[in-house]
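For reference, the structure is listed below as structure tokens.
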Amino acid sequence: MLKKFFLLCSGVDLKLIDTCSNGEQNKYAGIGATVFFTAVMASLAASYALYTVFDNIYTALFFGLVWGLLIFNLDRFIVSTIKKSNSKWKELLQATPRLILAMIIAMVISKPLELKIFEKEINQVILEEKNEMTLRNKEQIAKQFEPEIAQLNNGIKALKDEIADKEKEVNDLYETYIAEAEGRKGTLLLGKGPVYQEKRDKHDAALLELSQLKQDNNQKILNNEAAIGQLQADWKKAEQDTQPIISNFDGFMARINALGKLPWLPSFFIFLLFLAVETAPIFAKLVSPKGEYDFKLEDEETAVKTWVEQQVHQRGVLLDADVVVNGKVYTDIQEDEDVYAYKRKVAKQMMQDQADAFYTKQKKLL
């Protein structure tokens, strides 16, 4: 039963292969087994690749099965269409397009398995890339908020400096009228005279301005600090909103790129392995000698080809003979007096009928 299944996978004519020897059947059963297991590996590889895309095992298995059936059909077609001939160069030329297709298939089915085999190394590369992306993302977000925050902080500093300058001015005025009262500066007269009062009034006015300035500037500082707090909250929220995008940056394409950053030699050997498996049925067909099945298949195909050529040739000969016979028949008819007399009579009657019709039509017009 298993042998029959593998023979079916090889694409041979089951009725014809049954008439061949056991060794010939085993050869094609081996080719069919290679085709089948290549399709199985292709299905597993596609399922894993699609699982990394859809993250759903049932969807991945379904499409992986479809992909495996497609590869199975292609391999079966490739093997079954290579015909054995007496010229190895002719066979190689015939198999060249199929070998190119086999290389493409091997590349496609090997890549997902490479991703699975080197999964730990790929995860490390992706982790490093995610860290770099996180840092770059923070830098880009910071460029959006830092200038405005810095501007608000500069505004706060300017407001505080304005208060400090006013306080210094008030303190200087205080020192001036105290020194006037003590007679250390100004008029150098001890006591509270008119000059003292003038300087005291100036100090008190500056003190009131300082009080109002503090009230106004402190409110502005609070507003700026609130704006800074809101910007910092928006900054943090922007980082939180973009982080899931970076965290999910581990899809199929990202893994392919990460695989490309690893040493190429191990991946290349895995590709060679799949290439050997994929092209094994083709090379087995090419290097194997022309066997019993090939002779019988050629006998059946050439028999049909010969029969068709005979039919086409016979139709051509029949057509040529029919042309010759028809030519002789019509030549003999040309020399027949009875035919001539009949044709003359008919033509004469036709001319008379035309003349009568013309006469009748002209008469109606008068």
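All of the numbers you see were taken from the coordinates with simple rules; none came from a lab. Treat the numbers as computed from the prediction; the structure is a model and nothing was measured. Glycine also receives a Cβ, built like all others from the backbone with ideal geometry; neighbour counts cover every protein chain displayed.
Points worth noting:
- Cα-only Debye scattering, segment 40-191: base-10 log of I(q)/I(0) at q = 0.16, 0.20 Å⁻¹: -1.01, -1.17
- Segment 212-366, Rg to Rh (Cα coordinates; Rh as Kirkwood inverse mean 1/r): 1.68
- Computed from the C-beta positions of Met351 and Val317, the FRET efficiency with R₀ = 45 Å rounds to 0.50.
- Figure legend: label point modelled 7 angstrom from the Cα of Lys88 along Cα→Cβ; residues of segment 284-306 with amide N under 20 Å from it are 284-292, 294-295.
- Each principal axis of the Cα cloud of segment 122-161 was taken in turn, and the coordinate range along them, longest first, works out to 55, 13, 6 Å.
- Projecting label points 7 angstrom from Cα along Cα→Cβ for Gln215 and Phe5 puts them 9.5 nm apart.
- Here Ala233 and Thr96 are evaluated by their C-beta separation; at R0 = 51 Å the FRET efficiency comes out at 0.15.
- Projected label distance in nm at Glu148 and Leu65, using a 7 Å step from Cα toward the beta-carbon: 5.5 nm
- Ellipticity estimate at 222 nm from DSSP helix runs (n ≥ 4, -39,500 (n - 2.57)) divided over the chain, nearest 500: -32000 deg cm²/dmol
- For Ile282, net neighbour charge (Lys/Arg +1, Asp/Glu -1) across residues whose Cβ lies under 13 Å away: +2
- Normalised by residue count, segment 131-252 yields a Cα convex hull volume of 100 Å³ per residue.
- Cα-centre dipole for segment 308-365 with unit charges at Cβ (Lys and Arg positive, Asp and Glu negative), debye to 20: 700 debye
- The calculated pair-distance distribution of the chain uses every alpha carbon pair, bins of 10 angstrom beginning at 0, and gives 4, 12, 12, 10, 8, 7, 7, 8, 8, 7, 6, 4, 3, 2, 1, 1, 1, 0 percent.
- Across Lys130/Lys261; Lys4/Lys84; Lys3/Lys296; Lys143/Lys236; Lys27/Lys111, pairs whose alpha-carbon gap is larger than 18 Å: Lys4/Lys84; Lys3/Lys296; Lys27/Lys111
- Extension gain, Asp13 to Phe77: 0.36 nm times the residue separation minus the Cα-Cα distance gives 21.8 nm.
- Linear extension gain, Val329 paired with Asp241, 0.36 nm per residue minus alpha-carbon span: 22.0 nm
- Rg(Cα)/(2.2 N^0.38 Å) for segment 308-365, N = residue count: 2.17
- Note that segment 36-49 has calculated 3J(HN,Hα) couplings of 5, 6, 4, 5, 5, 5, 5, 5, 5, 5, 5, 4, 5, 4 Hz, one per residue in order, obtained from phi through the Karplus relation 6.51 cos²θ - 1.76 cosθ + 1.60 (θ = phi - 60°); glycine and proline are x.
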